[in-house]
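Engineer: Let me begin by handing over the structure; questions about it come next.
The values are calculated or read from the model by the stated rules, or taken from the named source; none is laboratory data. Bear in mind the structure is a predicted one, so any value in this text is a computation, not a measurement. When we count neighbours, we look across all protein chains shown, and the Cβ atoms used for this are built from the backbone with ideal geometry, even at glycine. Note: areas computed on protein heavy atoms with side chains; ligands, DNA, RNA excluded. Shrake-Rupley method; radii C 1.70, N 1.55, O 1.52, S 1.80 Å.
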Amino acid sequence: MNHRRAFFTKLSSLSAGLFAGRSLLAATPGSVPVPVTTLDVGDLPFTFDGAVKVFHLVAEPVKQVIVPGSMGRTFDLWGFNGSAPGPTIQANEGDRVRIVFDNHLPEATGIHWHGLELPIEMDGVPGIGQKPIMPGERFVYEFSLQQNGTFFYHPHMAMQEMVGLLGGFIIHPKIAHAPHVDKDYLIALQEYAVLPNSSIPNSMNMEFNWLTFNGKSGPAATPLVIRLGDRVRVRFINMGMDHHPIHLHGFTFWETGREGARQQESAWTRGNTVLVGVAQGKDIEFVADRVGDWMLHCHLPHHMMNQMASNVGPMTRAGRGMGAVAGMEEGMGMLFVC
Ligand SMILES: [Cu+2]
């Protein structure tokens, strides 16, 4: 059995009655968009002030369990509202949103709404549209949403993104895109440079040895559980140092959207690997027409093996080499022990 700590998440396609046989182009005009699910993270709650949706976002140090258990890892990151990535903001095209932001970080920041068309004062770039938000300070963002699509939020201060500060921002269209999807998921891709005897990311490193899907690495990422016959959309967002070729086993998908825009159907492309570039979002859709536990993973070799940078050990090398959570002393240069 291969005990390599491969990064992956499983996509379980479960049999549940008859396969409906939906065609790819079957549309449901006027249907309401299904909510987006961000497994292992959840949504940022909101209240109403009149017609304004009010969210409360807090940037703060967090302890993020990347892989639980005695062989697992917990990282000291910066996140939002208790997790890294932060909770997903979901709203509708045409909404007015107010985001009350509190900076509980030990340094100044500003929150950028990546891809949103809004006034310069709301763009979240300290020193240009607004003053830096100092530790302990509050800043209130408020703007109207005139687009729909897959967006995200992150600080616009050097390297704060590389220690966890990212969150999804989904704007639903007034009428669901056709064809209707049964499941809609968001997966936030983040990567960290954390050596075996540390819990703090080195944001200046150029070798990022941990990749996370919604803050978890394999085998801890929660599977996407899908019924046989479901049409599924998966949205990826990437805020890291690498572009991630995300590969899906067993299915051929359509790439239907990219950051901030649904593509016209004539521009959709067919494939099984979607390259999610830095600062990009990509939407894919497919029909789950066969059962199984299907892999969904980044295909960069280092990103299939967490903590690849300085150790490959007994988990992959028949009892020799270094365990995935041992010290640096035992591990350097053990790649070709066999
Ligand atoms: Cu990758």
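Engineer: Please give the FRET efficiency for T222 paired with F48, using the beta carbon to beta carbon distance and R0 = 22 Å, rounded to the nearest 0.05.
Structural biologist: 0.10
Engineer: Work out Dmax and Rg for segment 147-204 from the C-alpha atoms and quote the Rg first, both in angstrom.
Structural biologist: 16.3, 50
Engineer: Taking θ = phi - 60°, what integer Hz values does the Karplus form 6.51 cos²θ - 1.76 cosθ + 1.60 yield along segment 230-244, in sequence order, with x for Gly and Pro?
Structural biologist: 5, 8, 10, 10, 10, 9, 10, 10, 10, 10, x, 9, 10, 8, 10
Engineer: Between M206 and M134, what FRET efficiency comes out of the Förster formula 1/(1 + (r/R0)^6) with R0 = 35 Å and r the beta carbon distance, rounded to 0.05?
Structural biologist: According to the calculation, E is roughly 0.70.
Engineer: Leaving out ligands and nucleic acids, note down the accessible area per residue over segment 67-215 with a 1.4 angstrom probe, in whole Å².
Structural biologist: Solvent-accessible surface per residue comes out at 36 Å².
Engineer: Using modelled backbone amide H atoms (1.01 Å from N, in-plane), which distant-in-sequence or interchain residues come within less than 5 Å of I187's amide H?
Structural biologist: For I187, the qualifying residues are R235, F236, I237.
Engineer: Next question, about the same structure. I'd like the Karplus ³J(HN,Hα) series for segment 81-96: coefficients 6.51, -1.76, 1.60, θ = phi - 60°, whole numbers in Hz, and an x wherever there's a Gly or Pro.
Structural biologist: Running phi through 6.51 cos²θ - 1.76 cosθ + 1.60 with θ = phi - 60° gives 6, x, 9, 10, x, x, x, 7, 8, 10, 8, 10, 3, x, 5, 9 Hz.
Engineer: Any idea what log10 I(q)/I(0) is at q = 0.15, 0.16, 0.27 Å⁻¹ for segment 174-259, Debye with uniform C-alpha scatterers and no solvent?
Structural biologist: Computed log10 I(q)/I(0) values: -0.70, -0.77, -1.56.
Engineer: Now, a different point. Divide the volume of the convex hull of the Cα atoms of segment 204-309 by its number of residues and quote the answer in cubic angstrom per residue.
Structural biologist: Spread over its residues, the Cα hull of segment 204-309 gives 105 Å³ apiece.
Engineer: Taking amide H positions as placed in the peptide plane 1.01 Å from N, state which residues far from H114 in sequence (5 or more) or on other chains have amide H under 5 Å from it.
Structural biologist: Answer set, sorted by chain and number: F152, Y153, H154.
Engineer: So how much slack lies between M159 and E142, counting 0.36 nm per residue of separation and subtracting their Cα-Cα distance, in nm?
Structural biologist: 3.6 nm
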